[in-house]
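Take a look at the structure set out below.
The values are calculated or read from the model by the stated rules, or taken from the named source; none is laboratory data. Because the structure is predicted, anything quoted here is derived from the model rather than measured. Glycine gets a Cβ as well: all are built from the backbone with ideal geometry, and neighbour counts include every protein chain shown. Quick note on the areas: whole protein, heavy atoms, side chains included, nothing else; ligands and nucleic acids left out. Shrake-Rupley method; radii C 1.70, N 1.55, O 1.52, S 1.80 Å.
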Amino acid sequence: MEIAGILFTLAMALIVPVVFLSYLFVSEKAAGGRRRGTQTARSLPVFWLIPAAVVLGFFLIYPMIDTIVLSFMNADSTRFAGGENYAHLFSDRAFLIALRNNLLWIVFFTLVTVTLGLILAVLTDRVRYEAVAKAVLFLPASISLVAASVIWKFMYAFRPAGESQIGLVNAALSVVPGFQPQAWLFDVPFNNAALMVVGVWIWTGFALVIFSASLKGISKDLVEAARIDGAREITVFFRIVLPLMSKTVTVVVTYFVITVLKIFDIVYVMTNGNLDTEVLANRMYKEMFNFRNFGRASVIAVMLLVAVVPVVVMNMRKFARGKAGK
Amino acid sequence: MKKAVTVIYIVVLSAVVGMPACQPSMGGKVTVLGVWGGSELDVFNKITADLKKTKNIDVEFEATRDINAVLTTRVESGNPPDVAILPQLSLVVDFARKGKLVDLSTLIDVGKIKNEYSPSWIDLGSVDGKFYGLFFKTAVKGLVYYDPQRFKELGLQAPKTWDEMMRLSQKLIDMKKTPWAIGIESGNASGWPATDWIENIFVRQYGAGPYRRWYDGTLAWTSPQVKKAFQMFGDIAARQGWTYGGASGVLSTAFQEAGNPVFSDPPKAYLFQQASFMAGMIEQAFPDLKPVTDINFFVLPPIDPENKAVEIGGDVLAAFSSTPQVKAFLEYMSSSDAQAPFAATGATMPNHTVPLSAYGNELDREFAAILNSADTVVFDASDMMPSEINAAFWSATIDYIKNPARLDAILAQLEKTRQDVYNK
């Protein structure tokens, strides 16, 4: 069995490139070579687009359309259900809470992570051990989300007062006189904040690295000139550095908004949405795989798609404008 | 180039075609999907090694903690395992009604099973009159573990009625001690130990008939019966000072370690309700405990003496294909030969020909005796409910312990889920 598997893999490793190369070769021939300006040469890009378009269509466009269709069908997709799924979800407490939490995540998580990332980028820029500091701050980003969530579950662990606290958060706080250990993940509404802290811990390093790169791109002359004109550091940052970094900030914010819309692992591992910590992606997973309700799961997927579209469009337009300006 | 590809093609083809030919007698394999790990899996591997020896059948076990999701995906994509070991009967019902499961009476020798299993197992494993679920490993639920030495020191006795148990708890409170250790954290199934509590209370109060209507979805969650069961649970679990660590402790303690405060030195609590499989886990955590003298149990006492059902949970085998290998595998699993090694791990086995001497210790033998002598056996109600209601029930117990005053709103929400699921 294993031998057959290995041989199959080897065969595929040979066949796939051969097929692609033959395709390129044949299309080139069919388009009549690369002579500029001829009718056939203009069709060459079309040939090159076809494989990508097929893959994109099959793995992205088709599932998207199918999901939209399924969202109007019943649980096992055997009957047309009209707007039932949509109507149900908007009267479903679990879904509404998930919707609210995703909004909270978008606002607070993005705000905190971007702000922290910016501050740290500026601060690390001014120290001699910059490389080390950045590496340390970036480390959490290299841990898988599930592992990070498991680690933080231990960080938040609760033991009744009087026992030795195995959770770092409670253990650290217990040096404060009169402190009672808290079950951080079970304390509405702080449990949502506790989950967001995990996200901030993971992604701040990522934001820092991107911002830091952008910061290095700003001409020192501008900053120097402002300083000579008597601008204070705060003014330099807000009037010169930040505006010059605005495009990077937009990209990072866009990335975080989309990341947070589909936030799943942290919630799934740490609370599974209990005590009002549910988020859309976790709800979708439950509807789909635990409750086998394809209709409702698809509605949530459609909602996520609808929520992502304006962010992506805004981002694209901003960049299109930027290009035109150059 | 062309030649090389042809050679590879021929080699692949001959490897694939040649494979079945090299194996003698029955041969073949059975793919099994389940939630087992650790010692359970070790024993399973040991007994399936025997099957390999006698019938030359390979059993390929795939483990997952999220069986509902994995199995659904595999079945929907037309790639189910041959056999699934399911901890929730509702999954058996669901897949059976969708026509995905094999009616076992058409595959295996049911006569033999009827001789060796009590009829309630066949009933529980049947859906609409057809036999789909073969019980393999079970656990008696609703047992209260305690340390007899501590009880003696404090002059306490195992209670015979629910009221006695409540008075015993109050007595401990009066002695400035915490009576109960409860922990309901269990990852994505958090809350299930609390649903066990409520189910045990329900069946002791109202009996097997209403219990069935409850999990069948014909009894409203807002009914006085369900509300009463929640409240009686809350009288213990959500009561100030009655549980170790209070609501925070109950919610954040993993069920596996929840009993530890009862057996730690000094004890931090005195009573701990869980299923029979817990005895083994406690004995593992405290290897010095001697069964019966240092750790013993009483069954959650009756509330209405008329209602004497025993609640159980367990793993059920369901078949998605009907090959001769699956037949051989299932017949072997139902036999005393396959079940006896599991009995030694602290599981309670449904085949009553498994000798009591196969069980690990005195407590395990008592669990088996309770099961073999029970008039009525009811299955864990939440695991009989559709998974959507089951999940909502788990979460609801968490909300309830956190905020008992919200009970009516919580039950109204559950009722909404019930109506929604049954009116689909």
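Could you list, in sequence order, the residues of segment B:85-113 that are in contact with a helix residue (DSSP H, G or I) (Cβ under 9 Å, 6 or more places away or on another chain) and without any contact (Cβ under 8 Å) to a residue 60 or more places away in the chain? Please lay out each step first, then the result.
Taking segment B:85-113 and keeping what is in contact with a helix residue (DSSP H, G or I) (Cβ under 9 Å, 6 or more places away or on another chain), we get B:85-91, B:93-95, B:98, B:100-104, B:107-110, B:112-113.
Hits for segment B:85-113 are B:LYS98, B:ASP103, B:VAL110.
Only one of (1) among the hydroxyl-bearing types (Ser, Thr, Tyr); (2) closer than 30 Å to B:VAL35 by Cα; (3) open to solvent by 10 Å² or more (accessible area, probe 1.4 Å) fails for B:TYR211. Which number is that?
(3)
Being among the hydroxyl-bearing types (Ser, Thr, Tyr) and open to solvent by less than 60 Å² (accessible area, probe 1.4 Å) is the filter; apply it to segment A:49-106 and report the residue that is modelled with the lowest pLDDT. Break it down stepwise before answering.
Initial filter on segment A:49-106 (among the hydroxyl-bearing types (Ser, Thr, Tyr)): A:62, A:67, A:71, A:77-78, A:86, A:91.
From what is left, the residues that are open to solvent by less than 60 Å² (accessible area, probe 1.4 Å) are A:67, A:71, A:77, A:86.
Working: A:THR67: 95, A:SER71: 95, A:SER77: 87, A:TYR86: 94.
So the residue we want is A:SER77.
Go through segment B:44-68 and report how many residues are assigned to a helix (DSSP H, G or I) and either open to solvent by less than 20 Å² (accessible area, probe 1.4 Å) or not assigned by TED's automatic domain parsing to the domain that holds B:GLY346 (or both).
6
Give the residues of segment B:184-218 that are in contact with a strand residue (DSSP E or B) (Cβ under 6 Å, 6 or more places away or on another chain) and not in a helix (DSSP H, G or I), sorted by residue number.
The answer is B:GLU185, and nothing else.
Could you tell me which residue of segment A:268-282 is most open to solvent (accessible area, probe 1.4 Å), considering only residues that are within 11 Å of chain B (Cβ to nearest Cβ) and outside any loop (DSSP other than H, G, I, E, B)?
A:TYR268
Mind checking which residues of segment A:57-79 are away from chain B (no Cβ under 12 Å) and either more than 24 Å from A:ASN290 (Cβ to Cβ) or in a loop (DSSP other than H, G, I, E, B) (or both)?
Matches in segment A:57-79: A:GLY57, A:PHE58, A:PHE59, A:LEU60, A:ILE61, A:TYR62, A:ILE65, A:SER71, A:PHE72.
Does B:LEU407 count as modelled with pLDDT under 90, away from chain A (no Cβ under 14 Å) and in a helix (DSSP H, G or I)?
In short, no.
Can you tell me which residue within segment A:204-262, out of those that are among the hydroxyl-bearing types (Ser, Thr, Tyr) and touching a residue at least 24 places away in the same chain (Cβ under 8 Å), is surrounded by the most Cβ atoms within 10 Å (Cβ to Cβ)?
A:THR204
What's the total number of residues in segment B:305-320 that are touching a Lys or Arg at 6+ places or on another chain (Cβ under 7 Å), modelled with pLDDT under 95 and either surrounded by fewer than 19 Cβ atoms within 10 Å (Cβ to Cβ) or over 19 Å from B:GLY346 (Cβ atoms) (or both)?
1
Restricting segment A:120-133 to residues that are of a type in the set (A, V, I, L, M) and surrounded by fewer than 12 Cβ atoms within 10 Å (Cβ to Cβ), which is nearest to A:TRP184 (Cα to Cα)?
A:VAL132
So which residues in segment B:365-388 are polar (S, T, N, Q) and either touching a strand residue (DSSP E or B) at 6+ places or on another chain (Cβ under 6 Å) or more than 17 Å from B:SER190 (Cα to Cα) (or both)?
B:ASN372, B:SER373, B:THR376
Sort through A:VAL188, A:VAL136 and tell me the only one that's exposed (fewer than 15 other Cβ atoms within 10 Å of the Cβ), assigned by TED's automatic domain parsing to the domain that holds A:THR110 and assigned to a loop (DSSP other than H, G, I, E, B).
After ruling out the rest, the residue left standing is A:VAL188.
Take the residues of segment B:55-67 that are within 14 Å of chain A (Cβ to nearest Cβ) and in contact with a strand residue (DSSP E or B) (Cβ under 9 Å, 6 or more places away or on another chain): which is nearest to B:LYS100 (Cα to Cα)?
Restricting to residues being within 14 Å of chain A (Cβ to nearest Cβ) and in contact with a strand residue (DSSP E or B) (Cβ under 9 Å, 6 or more places away or on another chain), the top hit is B:ILE67.
For segment A:283-300, which residues satisfy the criterion of being more than 7 Å from chain B (Cβ to nearest Cβ) and part of a helix (DSSP H, G or I)?
Once the filter is applied, which keeps residues that are more than 7 Å from chain B (Cβ to nearest Cβ) and part of a helix (DSSP H, G or I), segment A:283-300 yields A:ARG283, A:MET284, A:TYR285, A:GLU287, A:MET288, A:PHE294, A:GLY295, A:ARG296, A:ALA297, A:SER298, A:VAL299, A:ILE300.
Can you name the number of the only condition in (1) within 23 Å of the chain's Cα centre (by Cα); (2) more than 13 Å from every other protein chain (Cβ to nearest Cβ) that B:GLN88 fails?
Answer for B:GLN88: the failing condition is (2).
I'd like the full set of residues that are open to solvent by less than 70 Å² (accessible area, probe 1.4 Å) and at the interface with chain B (Cβ under 8 Å from one of its Cβ atoms), limited to segment A:1-14.
A:ALA4, A:LEU7, A:ALA11, A:LEU14
Going residue by residue through segment B:355-364, is there one that turns out to be among the hydrophobic types (A, V, I, L, M, F, W, C) and either within 30 Å of B:GLY249 (Cα to Cα) or not assigned by TED's automatic domain parsing to the domain that holds B:ILE85 (or both)?
Looking only at segment B:355-364, we keep the residues that are among the hydrophobic types (A, V, I, L, M, F, W, C), and these are B:356, B:358, B:363.
With either within 30 Å of B:GLY249 (Cα to Cα) or not assigned by TED's automatic domain parsing to the domain that holds B:ILE85 (or both) added as a condition, the list becomes B:363.
Yes, segment B:355-364 has at least one match.
Would segment A:52-60 turn up any residue that is of a type outside the set (S, T, N, Q) and touching a residue at least 12 places away in the same chain (Cβ under 8 Å)?
No, every residue in segment A:52-60 fails to be of a type outside the set (S, T, N, Q) and touching a residue at least 12 places away in the same chain (Cβ under 8 Å).
Which residues, taken from segment B:239-255, are away from chain A (no Cβ under 14 Å) and in contact (Cβ under 8 Å) with a residue 60 or more places away in the chain?
B:PHE255
Would you check which residues across segment B:171-181 are more than 10 Å from every other protein chain (Cβ to nearest Cβ), in contact (Cβ under 8 Å) with a residue 24 or more places away in the chain and open to solvent by 10 Å² or more (accessible area, probe 1.4 Å) and list them?
Residues satisfying the conditions are B:ILE173, B:LYS177.
Quick one: count up the residues across segment B:222-241 that are open to solvent by 10 Å² or more (accessible area, probe 1.4 Å) and hydrophobic (A, V, I, L, M, F, W, C).
Result for segment B:222-241: 2.
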